[in-house]
Amino acid sequence: MLEYVWRRAHPQRIVMALCAVVAAAAAFGVHLQPGPRPAPVAAGPTPGPVARPSRAPATAAPSPSATPADPRVVALRNATIDIPVWPGGRRMSTACPAGPHAFAGGAATAGLIDGTQNTYHLNPLAPAALDATPGEGYLVSLSCDNEVSFHPELLLGVKTRADGTVQVLGPVITTGSGELYDYDRDSLRVVDHTVQVQVYGPHRSNGAPAFQQQRSYRYDGTAFRQVDGPTTSPADERAIRDIDLRNTEFYVAGRGECGARCDYGGMVTFVDGKGTALTDIPQADAQQQATFTIDQVTYGKVRQRGLAFLTVTVHGPGGHTRRAVLVAAYRDESGGVGLTTASVLEEGDDGVTGIGSQHGDGDHVTVTVTTASGQQTREYRGDDGDLWSWRSAG
């Protein structure tokens, strides 16, 4: 399928660079230890700044016996944790599956995302009185990581039972939209069984947070509920309707069966709805041009994010033509906020031989398509709210 994203550093170069770093570290006896860092949490009767431990002078080598491992932390990092269903939709719950997972040294095997294996990392942050019932409470961060750009993190409340087993109270940060929200570990406070935290808005693998809000959550005996702070997210300040998409620029990368196994794409500057990009032909070690035409633009909206649906025709080398419906939105990336597009439907998907008109309506788009059975109308929605993964609703 066509996929429209911002260009990133070449993965082979990244791998080579990482290999060089690891090799150099090994040569000097340095041991690289991956994994999310724990952050301090203040728990007490009144909110206040987090007390950070003072650093020892660089010349002072700490004694191993000076900082013995907290047995409670060791026990949690080697416990069986009944992981709840992750917020964020089906894609997230597949990559980070729920159910009992046996941790060893704070790690356990998670699921797959796009064929890449994920690993759970459990980091106890601090003991916390999360309710008035017996048993010691703890706030823990549970991340689900891989070696690519996938690092969601869930803030969990847990309690240790008398027999040493762990009771999971559930995710602390809950939202009515069912989204996974990022948060600031350093902002955590527990006051009168209430968890206070700065939330950063919907999870971003890269880039700046969507917003920052102070919210409070309290365990009611069955789940954590928000008890203070804003309950809605601020509206997206960037209105996609204000952009002339027929006269703008975004990165296009895609594949097509064009007779020479060509990959076509690149940063396309559209003028009056038309633009060109160089086409790589791996077998011929050559480049040709592909032409992109924006045929139709309609609009929709997911939560506070404005969407545009574009019908684009790609004219590849050798007379090959392919049509697709794309979704466009503003997205926070490592290089800043920019216009990003992704594929909703492409000719060749699900028996579709032709794409006619389309109409965006809220969080879905209705497309008139041609198949072997004739003309049909199909509705496509983001996969459980995932803006970059779309599927037929029929």
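Readers should treat all values here as calculations from the given coordinates under stated rules, not as data from a laboratory. If you're wondering where the values come from, they're calculated on a predicted model, not measured in any experiment. Neighbour counts are summed over all protein chains in view; Cβ atoms, including those assigned to glycine, are modelled from backbone coordinates with ideal geometry.
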Next item on the list: Would you mind getting the Kirkwood hydrodynamic radius of region 116-175 from its Cα pairs, rounded to one decimal in Å?
Entry: 12.6 Å
Check: Which cross-chain or sequence-distant (5 or more) residues have an amide H under 5 Å from the amide H of residue 83, H modelled 1.01 Å from N in plane?
Finding: 99, 101
Margin query: If the only charges are +1 at each Lys and Arg Cβ and -1 at each Asp and Glu Cβ, what is the size of the charge dipole of region 102-182 around the Cα centre, to the nearest 20 debye?
Written below: 280 debye
Next item on the list: Describe numerically, in nm with one decimal, the distance between label points set 7 Å from Cα along Cα→Cβ at residue 248 and at residue 149.
Entry: 1.8 nm
